Amino acid sequence: MSTLTDSQISLLSSSSSGILSRLLCHPLDTLKSRLQSPTTPSRTFLLSLTSLLSTHGPSGLYRGLPASLIGGTPGTILYLQSYDLTKSHLTSSTPFPPSLIHLTSGIIAEIISCIIYVPVDVTKERLQISTLSNEKLYKGSFDCLKKIIENEGIKGIYKGYGGTVASFGPFSGMYFLGYEKLKSTVRENNYYSSGVSKPAIGDVELTFNETLTCSLTAGAVASWVTTPLDLAKLRMQVSNSKLMDKDMKEKYRTFGRSLKSIFRDEGVRGLWRGGMARVAFFTPATGITMGTYDWFKGILKDM
């Protein structure tokens, strides 16, 4: 029996999973951001990777990592804690079906955690697309954040909060809906096929591989479906970058204008620009985050 409280276990598990996920998946996020930028010279994952490595070397893949770790880790903690607390509250106090509870809890968790995530995203994405310039626009994460605040004010680091919620709210809702449904299906299958008597299906423990598979699958589907929303959000957040000309800044000034401009200029196919890179990033990122989060919680509870 663990000497840690449930809140301590959840805090340690969410912080550990968030750090691990960012360390392993940040290069994929960098490539996604470059592919989705309107100033990128490459439209394929491989060409973008080759261009980045030839110009900036392997270190270019990790531009914005400090911002992602320092800001993103508490963001992950807030995100997962908000989801668990909201799910627990809705389950005990409302007659909503589980699917609606998971969907709603995911959206609410995103709304709350974006208080931290948005400044991190704005800083990280400015650094990531700055590799498209021959100039060194920023010395690092803190310099980038400082310059955004100096030039654009506090409003600058929260540019795209509404757009982020509009893009990641549906992603989180769809992700947790799929993740919880897949876990429930695996539990049912294990319950009826094991032949071992248990009080309830909910008492069936999933293995790390089963949890990881559920998370990977849900992450892949949710990230692909919501690619147009993420693309519009990114274009809006980087619209004040020095890499953008006056026309681009106007086209991507708001979330709705950004989405409309992408569709008008690049068509339906353009809405899914960077879609495979997004899937390549979010599938392992969500898989590692949720897989290790549940895994760490199980280990800490048994300590």
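The values are calculated or read from the model by the stated rules, or taken from the named source; none is laboratory data. None of the values given here were measured: they were computed from a predicted structure. So basically every Cβ, Gly included, is an ideal-geometry build from the backbone, and we count neighbours across all protein chains shown.
Tabulated data for the structure shown
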| read-out | value |
| --- | --- |
| Selected residue (only one of ILE77, ILE112 is buried (at least 20 other Cβ atoms within 10 Å of the Cβ) and either in contact with a Cys (Cβ under 6 Å, 6 or more places away or on another chain) or among the β-branched types (Val, Ile, Thr) (or both)) | ILE77 |
| Flag for VAL225 being surrounded by fewer than 22 Cβ atoms within 10 Å (Cβ to Cβ) and touching a residue at least 12 places away in the same chain (Cβ under 8 Å) | yes |
| Residues located in segment 87-106, provided they are crowded, with 20+ Cβ neighbours inside 10 Å and among the β-branched types (Val, Ile, Thr) | ILE101 |
| Unique residue being modelled with pLDDT of 90 or more and surrounded by 23 or more Cβ atoms within 10 Å (Cβ to Cβ) when the list is SER215, SER261 | SER215 |
| Pairs where the first residue, in segment 141-168, is under 14 Å from LYS124 (Cα atoms) and the second is surrounded by fewer than 17 Cβ atoms within 10 Å (Cβ to Cβ) and at pLDDT 85 or above, C-beta under 8 Å, 6+ apart | GLY156/ILE149; ILE157/ILE149; LYS159/GLU152 |
| Subset of segment 115-136 [over 15 Å from the mean Cα position of the chain (by Cα) and surrounded by fewer than 18 Cβ atoms within 10 Å (Cβ to Cβ)] | SER133, ASN134, GLU135, LYS136 |
| Test: ILE129 is under 23 Å from TYR175 (Cβ atoms) and either in contact (Cβ under 8 Å) with a residue 12 or more places away in the chain or in contact with a Gly (Cβ under 9 Å, 6 or more places away or on another chain) (or both) | no |
| Lone unmet requirement of (1) crowded, with 22+ Cβ neighbours inside 10 Å; (2) under 21 Å from the mean Cα position of the chain (by Cα) for LYS183 | (1) |
| LYS155 touching a helix residue (DSSP H, G or I) at 6+ places or on another chain (Cβ under 7 Å) and closer than 30 Å to THR104 by Cβ | no |
| Members of segment 231-249 that are of a type outside the set (Gly, Ala, Ser), surrounded by fewer than 22 Cβ atoms within 10 Å (Cβ to Cβ) and in contact with a helix residue (DSSP H, G or I) (Cβ under 8 Å, 6 or more places away or on another chain) | ASN240, LEU243 |
| Residue ID - modelled with the lowest pLDDT, chosen from residues in segment 114-153 that are of a type in the set (S, T, N, Q) and farther than 16 Å from SER59 by Cα | THR123 |
| Filter result for PRO38 (buried (at least 16 other Cβ atoms within 10 Å of the Cβ), closer than 26 Å to ASP143 by Cβ and not polar (S, T, N, Q)) | yes |
